Structure formats: C-alpha cells, structure tokens
1. Go through region 58-63 residue by residue and turn each phi into a ³J(HN,Hα) via Karplus (6.51, -1.76, 1.60, θ = phi - 60°); whole Hz please, and just put x for glycine and proline.
2. Mind checking which aspartates and glutamates have their Cα closer than 12 Å to the Cα of Lys416? Skip sequence neighbours fewer than 8 apart in that chain.
3. Report the antiparallel proportion of the DSSP beta bridges in region 427-576 as a percent, rounded to a multiple of 5.
4. Would you calculate a helix-derived [θ] at 222 nm for the chain, using -39,500 (n - 2.57) for each DSSP H run of n ≥ 4 and dividing by the full residue count, to the nearest 500?
5. Using a Förster radius of 35 Å, what is the FRET efficiency between Ile265 and Ser168 based on their Cβ-Cβ separation? Nearest 0.05, please.
6. With θ set to phi - 60°, apply the Karplus curve 6.51 cos²θ - 1.76 cosθ + 1.60 along region 430-435 and write out the HN-Hα couplings as whole Hz, x wherever there is a Gly or Pro.
7. Starting from the Cα gyration tensor of region 344-389, take the square roots of the eigenvalues, sort them a ≥ b ≥ c, and report rounded, prolate or oblate (rounded when a/c is under 1.5, otherwise prolate if a/b is larger than b/c, else oblate).
8. Any chance you could give the angle, 0 to 90 degrees and rounded to 10, that helix 590-605 forms with the longest Cα principal axis of the chain?
Amino acid sequence: MIAIQRKISHIKSNLNLSEMLSLVKAAASGWLYISLILIFVETLFFFGSLYIMKLLIDTVASVQLHSTAATADIIKYVILAGLAGILYFVLRSYSAYSIEVLSTKITEHINEKVHERAVALELSFYESPSYYDTLKRALDSGYDKPGLVVTSLIDILKNCLSLAAVASVLIVINWVLLPLLALFIFPTLLVRLFYSKKLNALRIAQTPFERKSSYYSNLITTDTAAKEIRSYGLGQYLKEKFTAIRQTLVKDKLAITLKRTKLEIITTTLSYIGVFVSIGFISLKVITGETSTGDITLFLVAFPQAFGLLQSLAGGISTVYQNSIYINSIFELLQLTNGLYKSDQPESIPGGDDVSIELQNVHFSYPHADKEAISGINIKIPSGKIVAIVGLNGAGKSTLIKLLCRLYDPTTGTIKYGGKDIRMFKPEEYKKQLGVVFQDFNRYSFTAGENIFFGNIENSYNMEKIQDAAKKSGAAVFIEAFPGAYNTMMGRIFDDGEEVSIGQWQKIALARCFYSDARFLIFDEASSALDAVSEKELFESFRERIGNRGAVIISHRRSAILHADYIYVLSGGKIIEEGTDTFLMQNNGAYAALFNENINTTEAAY
Ligand SMILES: Nc1ncnc2c1ncn2[C@@H]1O[C@H](COP(=O)(O)OP(=O)(O)OP(=O)(O)O)[C@@H](O)[C@H]1O
Ligand SMILES: [Mg+2]
C-alpha cells in the first residue's frame, strides 16, 4: 500500500513520450503511420508551393518593363504554384482526417483500458484518497486528452517541418534573418512553456480540493442526498462551502494566468519589434544591393507564415504540457497493480460436499490504520451449517466478511477453504464459492430480473431460477405485481423505472444471493430493512431456502440468529464467546447481555 501511495504521489508533470508512443501504437499503429506519411507529403507540397512562389517573385522582379520574354515562365509558375497549393490543401484535408481517426481510436482505447483497470483493482484502492485523486485526474481528462496530445504532437512535428521549409526560404533572402527572428520570438515560447509547467504543478496541488468541491456539488445536486439536505436545511451551508473552495481554486489559477498574460504582452511586443527590425534590416540591404525588392516581397509572404507557425508551435507545446498531467494520471492508473498475493500455480477448488471454511489465528489492519480491526480470530464454518456472528457496532463483523470474500488478505494468519489456503486459488474462482449480501448492498438500475441474475452471470439468464430466488427472498410478491414483472426497470435513473422501498431493494439483494450457485452464502445485516413478518418468514425456513449450502449470518436481531447452528460473539476484533443460542443464553455472558440489554433498555424507557 505504501508503494501504491508513493507511486500515486510521485506524479510526473513531464510527458512520457515512450509510454505515449507505445500507447498510440497499441491503439492504432496503422493510422499513426498513415498520418505521419501524409504530413510529410503535405509539408513537401507546402515547401514546393513556397519555392515556386519564390521563383515567380524572382521572375517578376527581374522583368523589364514592356518585355514579354518572361510571360511563359510567369504563367508556368502561376499554374505550378496553383497546382501545388491545391494539392497541399487536398493533402491537408486527408491528413486532418487521418489525425482525427487516430485521436478517436486513442480515446476509445484509453476509455476501455481505464475501465478495465478500474474493474480489476482491488477494494483497497477504492479506500485510498490518493487513488481517488489519480482516478479523478484520469477521469477529468475525459479520455480524449491523450488523443489531443497526440494530435498536438503531430501538429508540432508538422509545424517544425513547415518552419524548416519557411526557414530555408528566409535563409535564401539573408541568413541573418533566422537567428534575428529566433532571438525575438523565443522568449514567447519560453514563457508559454514555463507557465504550462507552473499550471500543471498547481493542478496537481489542487486535485484534492477539486475533489472536495465535486463532492459538495454532488451532495447539492443528487437525488439520494436531496431529502436530508432539504430537511436539515443544509443546502445554503454546502453551497457556501462549495463556493469558498471554487473561489480559492479560481483565484490561484487566475493569478498565474495574469502573470503569464503580462509577460506574454512583453514577449509578443518583442516579436513584433523583431519583425520590424528584420524588415528594416533587409530594407537597408536594398541600398547596398544585397537584397532585391523581390526578396522583401518574399519575406512579407513567408514571414507571416513563419510567425503563424511559431505561434501554433508554442500553442501545441503548451497544450502538450498542460495535458501531460492528465495523461500521466491515466498512465499511473493503468500501471497500478494489485497487491493481493497471486499464486503462479493456482490450486483447483476442492470438490465434494464436505467443504468447510476455517479462519486460523487471523489478524487484520486496514491500510493506513494503526489499530487492528481483527485480532487473532479462529472460526469454523462447516459445510451445510449456519454460523452466526454477533457483536456491537464496530466489532469487526463486516471486516471479517471482507476477509472471507478475499477483498483483503489477512495481515497474518490463514483462511482455509476445504483445507487449502484461499490465496492459493484463482481469486475469481474462489469468489464464485461465496454469495454475499453486503450491509451496503447495491441497487442496480437494471430490470428486476437482471438485478437477481447478477448473482450468477456465469450461466445464462434462467427465468425459472430467478423466480425461485425471488420467492425465497420475498421479492416475488411485489416484482410480479408490476405490469412488466421481472422485465421492469428498477430505480428512477432511466425512463419507466419503478422505485421500491429500501426493504424491497434488500429483498432483491437477498434474491441475488439465493440465485448464486455459491457453496456458502453470507448475509451481513441482510434483513435489517425487512419488516418483522418478512424477517420471521425468512429465518424460520432459512435452511430450506439455502438448501444444503453453508451460511454466515450477521445480525443485531436475535430472531435472525436464533436458528444458527453455532454463534460467535465478536468484540473489538476478538471472539469473546461462542456456542449455540441456548448455551450462550444460559452462560449469561456477553451474548445474553447483548440481547437482554435491549429488553432492559426498552423496559427502562417505558
Ligand atoms: N474501510 C475501512 N478503513 C479503515 N478502517 C475501517 C474500514 N472499515 C471499517 N474500519 C474500522 O474497522 C472496525 C470494524 O468495522 P466493521 O465495519 O467491521 O464493524 P461491524 O462490526 O461490521 O460494525 P456494524 O455493526 O456497525 O456494521 C471499525 O472500528 C472501523 O473503524
Ligand atoms: Mg458491519
């Protein structure tokens, strides 16, 4: 985890060209070569048209009044310059198209890769603020930034080639022009480069605040938060916090932009002075006969081209720099690797019915936490048995489930499945052995049927099994009452969606778990939103509902765990008591206190 942190915090603000190139090659190598060939040919025609213009101007300048000797040459050059110009424009259109295809392909490639990575990353990344900063910057880039940078890089190359063409024309006029112009124009380039770097550094520093302001904005604008925000009247308070952050962010950015603008005014003035110094220089050379009026005309044709090219070169360079931070975030994201142990020679999942799960002296601390959430736990979940885990809030129950599901690995100790360390299995194979209803289960804006089908997408959509799972969880009653039954869209995000109550969503989550083919089912507070009747029904015939599978139930209500074969009482990450309900009640220890306490408090309240 420390390694990840270091990787994320060490974000490079320079462009990593070799990575960029391999990315472009992976995305669309064919189009890269086509684009490069087209811009070379295009530049060749640009140079050709300039050169013919020079010949034309030379011819025109040397024409004697009323002489027709040069007529044929003039017509020839005009036609050639026209043809070269037309071909240059045609090629330019094709090369623009090929660059557009290239950048679109890169964007799509990145889009796919970022999502592939986000899916593959383990849970711990989602609990790290620095990962979120990287993800935010990567997402902020809108995936089109790499395409934009490639386009800008190609533009830079094109501008350099065109500049070389123009420079060769300027050299023909007088070689001094080149260093003279460079001297006056370089400060503009340097200023742009310097401030692009400065803005990048600012952007990196601002990401956590950007994220905070997005969070406030989400709270203000999303439907899920709308109820509480209105009831407690938090809207204005959150809006003020949002505005305060935005104002600071904007102020810092504008301060840099203002400095850049001031300096740019100076350097651009310098460039204009450079132009006039150059014009003055070659004009004076006319007196000594070193330059002709034709040269001055050519200078006036070529110079605006050179100036425009330099301007767009500077623009291209600053675009590349400004976006390199986003691109590096994408690279950082793509390079993040999971820290969970992966066996080179994975073992196959043990078959047969008699498979149990065992936790042996398991310890676990969350990344960045200085305290253990689980301390030396030994638990056995035999095949086909129902095991319950109870304990106060924060005792470590959900953490235990995350370890069981291999969302994290224990810091020390072992979890065994069928006698084998679960780290020896392929994670995806092992995860199929467990069906889970998490305390904070997901509500998918998909059809009711799909919501259940997500419990086992390995096999094809099986309507009969879906109905059966919905019956077991109690969701069938309300789903089948919808006109579209299992094809009804759930939630309000999409058109014609049906919103149901929290308890009904929980029944759908339960159905999803029942639908899975897993050998063990895990229920973390899975009946917390169910009404008393539904909960009683669920647990009274629980064994029938889960079939011959093993189960882990976590609940704060005794009715849910009463029928468990074995109960563990967890406190401060340790097992402090274990046994059956009858035994634990007779024992009159922590378990009895946990449930009797409710009665006493309730009685006391009356
Ligand atoms: N993602 C996390 N990162 C760091 N610490 C965590 C994280 N989740 C939980 N903890 C810590 O681990 C301890 C156990 O949390 P856990 O969620 O396992 O409790 P629980 O027994 O499920 O409680 P509840 O009954 O409220 O669901 C808590 O004290 C909490 O501070
Ligand atoms: Mg919990």
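Each value in this text was obtained by applying a stated rule to the coordinates, not by laboratory testing. Worth saying up front: this structure is predicted, and the values here are computed from it rather than measured. Cβ coordinates were reconstructed from backbone atoms using ideal geometry, including for glycine residues, and neighbour counts include every protein chain displayed.
1. 4, 4, 4, 5, 8, 5
2. Correct list for Lys416: Glu358.
3. Values: 3 of 13 bridges.
Among the beta bridges of region 427-576, antiparallel pairing accounts for roughly 25 percent.
4. Values: 21 runs with 389 residues, N = 606.
For the chain, the value works out to -22000 deg cm²/dmol.
5. On the way: r = 31 Å, r/R0 = 0.90.
That pair, Ile265 with Ser168, gives E of 0.65.
6. With coefficients 6.51, -1.76 and 1.60, one gets 5, 4, 5, 7, 10, x Hz.
7. On the way: a/c = 3.46, a/b = 1.51, b/c = 2.30.
It comes out oblate by the Cα gyration axes.
8. On a 0 to 90 degree scale, this one is about 90.
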